[in-house]
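I have placed the structure first, in the form of structure tokens, so that the comments after it can refer back to it.
The values are calculated or read from the model by the stated rules, or taken from the named source; none is laboratory data. Here the structure is a predicted model, which means the values were calculated and not measured. Backbone-built Cβ (ideal geometry, glycine too); neighbour counts: all protein chains shown. Accessible surface areas use protein heavy atoms only, side chains included; no ligands, DNA or RNA. Shrake-Rupley method; radii C 1.70, N 1.55, O 1.52, S 1.80 Å.
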Amino acid sequence: MREFKVEIIRYLTDSTYVVRIKRNGFKFQTGQFVMLSPEKLAQQREYSVYSGENDPYIEVLIREVKDGDTSKRLKLLHPGDKLKLDGPFGFFNFHPDKFTGDLFLFVATGTGISPFHSFIRTFPKLNYHLIHGVRYGHEAYEHDDFAKDRITLCTSGDSSGDFEGRVTDYVTLQKLNPDTNCFLCGNSEMITEMFDILTAKGVPVSNIYSEVYF
Amino acid sequence: MKYHVITLGCQMNLSDSERVISVLDEAGYEWTDNEEEAGLIGILACSVRQKAIDKVYSRIHKWNKWKDHKNLVTFISGCILPNDHEKFLKLFDITFQMKDLPKLPEMISRYGVTTPAQLKIGIDPHNENIERFWNVKPSYQSNYEAFIPIQNGCDKFCSFCAVPYTRGREVSRPSKDILAELALLVAQGFKSITLLGQNVNSYGLDKKGEEVTFPELLRQIGEMGKRLKKEFWVYFTSPHPRDMTDEVIEVIAQYPVLAKQIHLPMQSGDDKVLIRMNRKHNMGKYRDIVHSIRRLIPEATLFTDIIVGFTGETEEQFENTRRAMEEFKFNMSYTAMYSPRPGATSHRWDDDVSQDEKKRRLHVLTEELRKYNVPYNKSLVDKTLRVLVRGADRKEGYLSSLTEGKLIVRFASNNKDLIGQFADVKVVSASDFSLEGELVKVKEAVTQ
Ligand SMILES: Cc1cc2nc3c(=O)[nH]c(=O)nc-3n(C[C@H](O)[C@H](O)[C@H](O)COP(=O)(O)OP(=O)(O)OC[C@H]3O[C@@H](n4cnc5c(N)ncnc54)[C@H](O)[C@@H]3O)c2cc1C
Ligand code: SF4
């Protein structure tokens, strides 16, 4: 586990923040995660890389979890502080050439948007549609980084989104080309429900990729 | 000084303990079976199971009390989570990572002064210098069965498992050392040799281009088997379906020394449960591998691991696992009722399937296994099988042995000299989990 320096922290909501870390030659593939730990011997936790492969820094998007240990402690970091970072890990790595066809559907709940943010920073010309589910509209984390016509915000707790309801409700109502490569990231309830919805729409299991956060 | 070592947990820890014992013997310590008689006591711990960790705490409190009336040095190593490590530093005289095993005698001689430095070091997840540990010659606990560690650590992060946190990153042992250890074991007459690793078939992936791949390692072992003209069986455990390629299966099919027994953990037969388990393979991939095994090595036996009652597992999802058992007709399944393991991701999730329901699901799968084993085992009646004799059977006047596919065969004999030898046994009857046979002949076949 190597020590890295915090460059800056951006607070997006009361609970969600982006930690920018000095890159220090760290290599990863977009979609992978790192293990972070705020200090020696403390718990480590997994966080998807939010920044792109070619960005000169590493960013992670974190939501402070109620009663959480690591997500709370990382929020208290200041520029110049050190943290421990290990990785990269995982098999959610993405390169458009690795998939047949060029249709990509990304579905995220909450901070599950992080790897998709990294995908499109790395491959800005991608033919994708991103569906992001949150409770309230103010949790539309940095949506300006995505093309407006390629992102749909689903809000389940207010009507400020493009769609009022959960991502699963939204996708259920949509027509879908069964050749679409579908990527799901976030909480496991969404992922398992979405799995049924997509397979019922004819998407083969082999076209569904997932990253479970919780 | 006399010493005693307690080993908790899995095969990996048992294999590690062979090296610990060898280092202590070399340093002049003398083994005792009785921990009360020992001046040096160690534990190879397993943070992966709560019960095993509870055992560590109860033992160390007892031993620390003994220190009031005797000189005693205690040490701990094995699979330890960072949080437990912090606590153990205060309770044990010595804590060390396996990679530092060669330094154990030195640590014992100056125990007590190392703690502050160790506190600073913590656990090194990168397993740097683990070669030093691999180079320790183990004190094998058998003279015909041995384990060779070829890989340590895991980068897969299955949500139910703490190994990636306790054993750190995947590190492959140099293939030349593995081949040298294997050649030595074969020369000493070992007959059943298991290549061991948390993720054995991801061997080489951490050193792409610098080290051979797993199928290439197997190929080199197969070639060695041909050259040495000795009979032995080489197994490997535990592989991950993700890295189980057709090339691995083809190589096993090709070489006689590569045992025709494959352990392929399935964990669940339901795609959604596999997603929650973060297994990174689906049933389609698993099915493809089994088809390749059946096509290329039809005689191979197939073993698996299954967890029942994983967080959120519905009746329908469990039914998919039962159906998968029906489809694949495993020869053996190590089925476990799910229990959250400290440190693993799923430990943070609700353990929401009741204990009674887990027991029921376990029972259903055991019955399922029994159902398919009976006809398979019966099909072996009247066949003559090559077996490795392992010891006295529970049945008086019988010896117990294992086929190349690890099926249990017992046969009438009191001849203890046969233990550790290959023999031919004709199967005369079969039950659900074992076979009974008659000794045909004992011979040292060299048919590679
Ligand atoms: C592969 C992977 C990638 C991940 N990437 C990200 C990421 O990019 N951004 C991000 O914010 N998180 C991500 N997570 C989740 C993250 O690793 C931690 O689980 C999360 O930050 C909580 O850790 P903690 O130590 O603060 O809470 P803990 O102390 O572990 O948990 C405290 C309490 O909160 C509950 N809890 C834990 N995690 C969550 C959660 N995610 N949602 C709701 N309740 C929870 C627990 O059950 C417990 O009751 C990822 C997880 C995985 C497995
Ligand atoms: S169960 Fe998964 S995480 Fe655990 S050692 Fe095996 S592959 Fe690694």
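List of remarks:
- Contact order, relative form, for chain A: 18 percent (alpha carbon pairs under 8 Å, 6 or more residues apart, mean separation divided by residue count).
- Dipole magnitude of chain B, debye to nearest 20 (Cβ charges: Lys/Arg +1, Asp/Glu -1, about Cα centre): 180
- When segment A:2-89 is reduced to its Cα atoms, the Kirkwood hydrodynamic radius in Å: 12.8
- Rounded to the nearest 20, the size of the Cβ-charge dipole of segment B:127-378 about its Cα centre is 580 debye, with Lys and Arg at +1 and Asp and Glu at -1.
- Average beta carbon contacts from partner chains per residue of B:273-279, 10 Å cutoff: 4
- Förster-model FRET efficiency, 25 Å R0, B:VAL374 and B:ASP305, C-beta, rounded to 0.05: 0.70
- Full-stretch length increase - A:LYS148, A:ASP102 - with 0.36 nm per residue and alpha-carbon distance subtracted: 14.6 nm
- A convex hull fitted to the Cα coordinates of segment B:2-104 yields 94 cubic angstrom per residue.
- Protection proxy ranking for B:360-366, B:42-48, using the average of other Cβ atoms within 10 Å per residue and placing the highest first: B:42-48, B:360-366.
- Inter-chain Cβ neighbour average for residues A:203-210, partner chain, 10 Å: 3
- On Cα atoms only, tilt of B:175-187 relative to the major axis of chain B in degrees: 70
- Probe 1.4 Å, all protein chains present, accessible-area order of A:ASP67, B:ASP93, largest first: A:ASP67, B:ASP93
- Contact residues in segment B:65-114 (at least 30 Å² less accessible area with all protein chains than alone, 1.4 Å probe): B:PRO82, B:ASN83, B:GLU86.
- Label point distance in nm, A:LYS66-B:LYS103, each placed 7 Å from Cα along Cα→Cβ: 4.6
- Mean separation of Cα contacts under 8 Å (6+ apart) over length of segment B:127-378, as relative contact order %: 17
- Relative contact order, percent, chain B [alpha-carbon distance under 8 Å, six or more residues apart]: 11
- Over the protein assembly as shown, accessible surface divided per residue gives 42 Å², non-protein components excluded, 1.4 Å probe.
- For the listed residue pairs B:LYS285/B:LYS426; B:LYS103/B:LYS229; B:LYS191/B:LYS378, the alpha carbons are over 31 angstrom apart in B:LYS285/B:LYS426; B:LYS103/B:LYS229.
- Separation of the B:ALA336 and B:GLN50 label points, Cα + 7 Å toward Cβ, nm: 1.4
- Once the Cα atoms are used to define both axes, helix A:188-200 deviates from the longest principal axis of chain A by about 30 degrees.
- Backbone N under 18 Å from the B:VAL428 label point (7 Å along Cα→Cβ), restricted to segment B:371-406: B:378-387, B:393-402
- Normalised size of segment B:377-448, defined as Cα radius of gyration per 2.2 N^0.38 Å with N residues, equals 1.00.
- C-alpha center-to-center spacing [segment A:85-119, segment A:182-213] in angstrom: 13
- Principal-axis tilt of helix B:50-66 within chain B, Cα atoms, nearest 10 degrees: 40
- Listed residue pairs exceeding 26 Å between alpha carbons, taken from A:LYS66/B:LYS90; A:LYS201/B:LYS280; B:LYS99/B:LYS226; A:LYS125/A:LYS175; B:LYS208/B:LYS406: A:LYS66/B:LYS90; B:LYS99/B:LYS226; B:LYS208/B:LYS406
- A Förster distance of 30 Å, applied to the separation of the beta-carbon atoms of B:VAL381 and B:GLN11, puts the FRET efficiency at 0.45.
- Chains A and B, summed buried accessible surface - 1.4 Å probe, Å², nearest 100: 2400
- Projected-area average for segment A:96-212 over all orientations - Cα convex hull basis, square nanometres: 6.6
- Between B:LYS62 and B:GLN141, full extension at 0.36 nm per residue minus the direct alpha carbon distance yields a gain of 25.7 nm.
- Calculated FRET value between B:HIS69 and B:ASP351, using beta carbons and R₀ = 56 Å, to 0.05: 0.85
- Point-to-point label distance, A:HIS95-B:GLN188, nm (Cα→Cβ direction, 7 Å offset): 4.4
- Under Stokes-Einstein, with the Kirkwood radius over Cα pairs as Rh, the value for the protein assembly as shown at 4 °C and 1.567 mPa s is 48 µm²/s.
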